[in-house]
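Participant: Okay, handing you the structure first.
The values are calculated or read from the model by the stated rules, or taken from the named source; none is laboratory data. Small disclaimer: the values here were computed from a predicted structure and weren't measured. Neighbour counts run over all protein chains shown; Cβ positions are idealised from the backbone, glycine included. All accessible areas refer to the heavy atoms of the entire protein, side chains included, with ligands and DNA or RNA removed. Shrake-Rupley method; radii C 1.70, N 1.55, O 1.52, S 1.80 Å.
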Amino acid sequence: FFITLWALPVIATQAMNSQLLGGIDTYLFHTLQQLRTPWADAAMVFFSGLGSQRVLLPLLAGSVAWLLWRHRTKAALHWLAAYVCAGLLTWILKVTTRIEQPLASLDGYAFPSAHTGMSVVAYGFLALLIARELPLSRRWLPYLSAGLLITPIALSRLYLGAHWLSDVLAGLSLGIFWVALIGIAYDRHPAPRLPVIRLLLVVGSLLLLAGGWHARQHLAQDLALYAVRVQTTTITRTDWLQGGWEALPVYRNDLEGRHHQPMNFQWGGSLDTLRGMLAKRGWRTTAAIDPVSAMNWLAPEPVLDDMPVLPEVHDGQHQALLMIAPRQTGEALLTVVRLWPSGRLLADSDQPIWLGKAALLYVEDGVPLLKYLRSAQDHTTPLKTLTSVLQQSGGIETRPAMRTGLA
């Protein structure tokens, strides 16, 4: 209680005056934005939803109603009081500090993080209620369980760029403050024992229903809301061909951060046009990875054409186009082309410029009982294959002097 009573104003002062914590806020925000991947986005949006008021309010309302019905009035009212007080203080701090959120696409103020603070109160006070009914040696179990639920919610707000680190720390402090304060008040007054197992069943059912409904109704919308934004700038076709292409990334910016996969191909125009040209020459798209196709990773001698091709990430996004060249009988490598949006638009035609790479894939068997496709180090051969196919299609202007293959 006293630690959080001290921490909350300290964090607020640091955040408002852009002192040391303000610099850490900016550094962590930009660092995490470089680690974005579509799969992690989906997981983090789901965890973030567990801290949404659309989930917490039904969970709290249903649990409090059940406690009142079971004549556990003190537990219900203390839990409700902690949530209401935390909500009021959160609102007061938001409208007082008026700190903007990191992403301009989000409405409202950032400080403190309501997702984090209200999750601490909702799940943390539940842990306190349960812990009171357990022997002293086992009281750490509900607190650990609540922590395992609250931690990914807090991390999701940082990862998605919805809050600064100071917002999340303030939310944690505010939530713990009210859980401790109201928890001390509840602990100091006699109250009938709670039916722990039944309470957990009620809360678990409510969380499952509210969380499932929220994911079904709002997951796609939230994914779009928190999606990585590609800043688009225009460039003329002449400027692009005469050197503007050099301003685009030289290597794929992936989670590992290693510069070992060069971006050796650029395309100015519609992806449908490129897809059609390659399809006429026998190139094919890849099927979605499903449990049946994934079994090929476990095959002792997998068929190369049947193996799933894993998506790759550049600047937090999976490729917009992935096509595989026809393979000659006995050939042990696959030629693929991948393209991502570059954030450039041709001013002459309003067509986007796509950035990508032509690569060779081989079967990696370094992991016992697992075989998967991995990019080879030879980036020249697949680029020659790709440009040769496009030149045969006609109507394509190439620039051999470019590190990229096509304009």
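Participant: Which ones in segment 72-125 are part of a loop (DSSP other than H, G, I, E, B), over 22 Å from Phe47 (Cβ atoms) and in contact (Cβ under 8 Å) with a residue 24 or more places away in the chain? I'd like the intermediate steps shown before the answer.
Facilitator: If we filter segment 72-125 for residues that are part of a loop (DSSP other than H, G, I, E, B), which is where we start, we get 72, 98-99, 101-108, 110-113.
Within this subset, residues satisfying the condition of being over 22 Å from Phe47 (Cβ atoms) are 72, 98-99, 104.
Listed by number, the residues that qualify are Arg72, Ile99.
Participant: For the condition assigned to a strand (DSSP E or B), modelled with pLDDT under 85, surrounded by 15 or more Cβ atoms within 10 Å (Cβ to Cβ) and not acidic (Asp, Glu), what is the one hit in Gly405, Gly356, Gly343?
Facilitator: Within the list Gly405, Gly356, Gly343, the selection yields Gly343.
Participant: Asp41 - would you say it is at pLDDT 80 or above, within 30 Å of Asn253 (Cα to Cα) and open to solvent by less than 60 Å² (accessible area, probe 1.4 Å)?
Facilitator: Values: at pLDDT 80 or above: yes; within 30 Å of Asn253 (Cα to Cα): yes; open to solvent by less than 60 Å² (accessible area, probe 1.4 Å): yes.
So Asp41 fits the description; yes.
Participant: Can you pull out every residue in segment 271-307 that is within 19 Å of Lys357 (Cβ to Cβ) and in contact with a strand residue (DSSP E or B) (Cβ under 8 Å, 6 or more places away or on another chain)?
Facilitator: Leu271, Leu274, Arg275, Leu278, Trp283, Arg284, Thr285, Thr286
Participant: Separate question: Output the residue which, of all residues in segment 314-340 that are charged (D, E, K, R) and within 30 Å of His30 (Cα to Cα), is surrounded by the most Cβ atoms within 10 Å (Cβ to Cβ). Lay out the reasoning, then the answer.
Facilitator: To start, the set of residues in segment 314-340 that are charged (D, E, K, R) comprises 315, 327, 331, 338.
Of the ones still in play, those that are also within 30 Å of His30 (Cα to Cα) are 315, 338.
Values: Asp315: 18, Arg338: 25.
The selected residue is Arg338.
Participant: Here's a follow-up. For segment 39-61, give me the residue count where each residue is part of a loop (DSSP other than H, G, I, E, B) and either among the small types (Gly, Ala, Ser) or over 17 Å from Leu172 (Cβ atoms) (or both).
Facilitator: First pass over segment 39-61, keeping only residues part of a loop (DSSP other than H, G, I, E, B): 50-52.
Now drop any that are not either among the small types (Gly, Ala, Ser) or over 17 Å from Leu172 (Cβ atoms) (or both), which leaves 51-52.
Selection size over segment 39-61: 2.
Participant: Applying the selection to segment 69-91, what residues are of a type in the set (A, V, I, L, M, F, W, C) and open to solvent by 80 Å² or more (accessible area, probe 1.4 Å)? It would help to see each step written out before you state the result.
Facilitator: Let us first name the residues in segment 69-91 that are of a type in the set (A, V, I, L, M, F, W, C), namely 69, 75-77, 79-82, 84-86, 88-89, 91.
Selection gives Trp69, Leu77, Leu88, Trp91.
Participant: Here's a follow-up. So if I check each of Leu225, Leu255, Leu201, Leu209, which one is at pLDDT 85 or above and out of contact with any helix residue (DSSP H, G or I) (no Cβ under 8 Å at 6 or more places or on another chain)?
Facilitator: Numbers: Leu225 fails: at pLDDT 85 or above; Leu255 fails: at pLDDT 85 or above; Leu209 fails: out of contact with any helix residue (DSSP H, G or I) (no Cβ under 8 Å at 6 or more places or on another chain).
Step by step, each of Leu225, Leu255, Leu201, Leu209 is checked, and only Leu201 is at pLDDT 85 or above and out of contact with any helix residue (DSSP H, G or I) (no Cβ under 8 Å at 6 or more places or on another chain).
Participant: Would you confirm, using the coordinates I've provided, whether Pro311 is closer than 21 Å to Pro249 by Cα, open to solvent by 20 Å² or more (accessible area, probe 1.4 Å), in a strand (DSSP E or B) and out of contact with any Ser or Thr (no Cβ under 8 Å at 6 or more places or on another chain)? Full working, then the answer.
Facilitator: Working: closer than 21 Å to Pro249 by Cα: yes; open to solvent by 20 Å² or more (accessible area, probe 1.4 Å): yes; in a strand (DSSP E or B): no; out of contact with any Ser or Thr (no Cβ under 8 Å at 6 or more places or on another chain): yes.
When the stated conditions are applied, Pro311 does not pass them.
Participant: State yes or no: is Thr151 at pLDDT 90 or above and touching a His at 6+ places or on another chain (Cβ under 8 Å)? Show your work before the answer.
Facilitator: Details: at pLDDT 90 or above: yes; touching a His at 6+ places or on another chain (Cβ under 8 Å): no.
Judged against the criteria, Thr151 is not a match.
Participant: Mind listing whichever residues of segment 270-293 are part of a helix (DSSP H, G or I) and either of a type in the set (Lys, Arg) or closer than 17 Å to Asp305 by Cβ (or both)? First the steps, then the outcome.
Facilitator: Step one: list which residues in segment 270-293 are part of a helix (DSSP H, G or I), which gives 271-280, 291-293.
Arg275, Leu278, Ala279, Lys280, Val292, Ser293 - these are the residues of segment 270-293 that are part of a helix (DSSP H, G or I) and either of a type in the set (Lys, Arg) or closer than 17 Å to Asp305 by Cβ (or both).
Participant: Can you confirm whether segment 337-349 contains a residue that is touching a Leu at 6+ places or on another chain (Cβ under 9 Å) and either of a type in the set (Val, Ile, Thr) or free of Cβ contacts under 8 Å to residues at least 12 places away in the same chain (or both)?
Facilitator: yes
Participant: Inside segment 293-304, can you point out the residues that are out of contact with any helix residue (DSSP H, G or I) (no Cβ under 8 Å at 6 or more places or on another chain) and exposed (fewer than 11 other Cβ atoms within 10 Å of the Cβ)? Steps first, please.
Facilitator: Start the filter on segment 293-304 by keeping residues that are out of contact with any helix residue (DSSP H, G or I) (no Cβ under 8 Å at 6 or more places or on another chain), which leaves 294-295, 297-301, 304.
Once the filter is applied, which keeps residues that are out of contact with any helix residue (DSSP H, G or I) (no Cβ under 8 Å at 6 or more places or on another chain) and exposed (fewer than 11 other Cβ atoms within 10 Å of the Cβ), segment 293-304 yields Leu298, Pro300, Glu301.
Participant: Whether any residue in segment 133-150 is among the β-branched types (Val, Ile, Thr) and either touching a Lys or Arg at 6+ places or on another chain (Cβ under 6 Å) or farther than 20 Å from Ala191 by Cα (or both) is what I want to check. Give the derivation first.
Facilitator: Of the residues in segment 133-150, the ones among the β-branched types (Val, Ile, Thr) are 150.
Within this subset, residues satisfying the condition of being either touching a Lys or Arg at 6+ places or on another chain (Cβ under 6 Å) or farther than 20 Å from Ala191 by Cα (or both) are 150.
Yes, there is a match, as at least one residue in segment 133-150 is among the β-branched types (Val, Ile, Thr) and either touching a Lys or Arg at 6+ places or on another chain (Cβ under 6 Å) or farther than 20 Å from Ala191 by Cα (or both).
Participant: Residues of segment 151-179 being within 15 Å of Val10 (Cβ to Cβ) and out of contact with any helix residue (DSSP H, G or I) (no Cβ under 7 Å at 6 or more places or on another chain), which ones?
Facilitator: Matches in segment 151-179: Asp167 only.
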